[in-house]
Amino acid sequence: MTPTTSAHAGTPVERVATARARIEAACERVGRRASSVVIIGVGKTHGPEAVQAIVDAGVPDIGENRVDELRAKQGRVSGAHWHLVGRLQRNKARDVVGHHVLVHSLDRRSLADVLSRRAQDADVVQRALVQVNVGEDPAKGGCEADEALELVAYARELPHLSVEGLMTIPPLPGPSDDANDAAQPHFAALRRLRDEARGRWPEVVHLSMGMTADVEAAVSEGATMVRLGTALFGPRGSGPWRPAGGNR
Ligand SMILES: *Cc1c(COP(=O)(O)O)cnc(C)c1O
């Protein structure tokens, strides 16, 4: 068996148990129920067998940051619910709409327009979260915090788009910073925006925030979806996973 040399060593079942224990402990500290936090396993760079193992270990929600990688895995993994957590180009919208994917990265009106139009063509309602760059990090996607409510207001008026919450990726912490401490104010800022949005539009409930290094801070600030890559899958490979001998 793999020696337990780090927090993310072990079998998929053991890694899921370790991640759940972290979330349960964080929930307990702030009086939340662990069942109020959905774990999304972020499988980018990992092949479909690894993703299937995490699904079978009890984490059916799977996130990918590239549309092509997500679509390639959809046909090879069973029993999963899919999330797109990476940037979405307008010309890829048709590859997402109608494929049962929650888009976490709605960050501009033009993308809302094309998602709604494609969803109308497919006769579906596309579900989305608005991504907000609360840390004003030029390296991260998302609309600006002071534009977020306007974007929610705009997108939820489109007939085939349903805005169900907000998502953020905080700036990378400095080398001597504690990741949870560094992320906390950004998560708190996203929560305040969500509270304001929810006061106007009750369907805006979700807070997608928290990754392997900062999941405790996210849970304490009210995350309803946490996105765990390394904690569940171990270290990432060097690039996107692609099926051998083709694009799909
Ligand atoms: C890769 C990724 C994650 C997971 O990151 P870890 O630090 O490995 O948990 C979460 N969210 C997004 C948007 C990602 O791209």
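Numbers at a glance
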{"quantity": "Inter-probe distance in nm under a simple model that places probes 7 Å from Cα toward Cβ, at A25 and E144", "calculated": "4.0"}
{"quantity": "Eligible lysines near K73 by straight Cα distance, threshold 19 Å, same-chain separation 8 or greater", "calculated": "K44, K92"}
{"quantity": "Value of Rg/Rh across segment 123-208 [Cα atoms, Kirkwood radius]", "calculated": "1.03"}
{"quantity": "Cα shape, segment 83-129, gyration tensor, a/c 1.5 rule", "calculated": "oblate"}
{"quantity": "Geometric extent, Cα atoms of the chain - Rg, Dmax (angstrom)", "calculated": "17.5, 53"}
{"quantity": "Electrostatic dipole magnitude of the chain [Cβ: Lys, Arg +1; Asp, Glu -1; Cα centre; debye, to 20]", "calculated": "720"}
{"quantity": "Segments 120-126, 168-174 sorted - mean Cβ within 10 Å per residue, highest first", "calculated": "168-174, 120-126"}
{"quantity": "Rg and Dmax [Cα atoms of segment 1-118; Å; Rg one decimal, Dmax integer]", "calculated": "16.3, 51"}
{"quantity": "Cβ charges +1 (Lys, Arg) and -1 (Asp, Glu), total dipole of segment 55-105, debye", "calculated": "280"}
{"quantity": "Whole-angstrom gap from segment 167-183 to segment 26-74, using each part's C-alpha centre", "calculated": "21"}
{"quantity": "Dipole in debye (nearest 20) - segment 1-123, about Cα centre, beta carbon charges: Lys, Arg +1; Asp, Glu -1", "calculated": "400"}
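No lab work stands behind these numbers, since they all come straight from the coordinates. For clarity, every value in this text was computed on a predicted model and none was experimentally measured. Please note: Cβ atoms are built from the backbone with ideal geometry, for glycine as well, and neighbour counts cover all protein chains shown.
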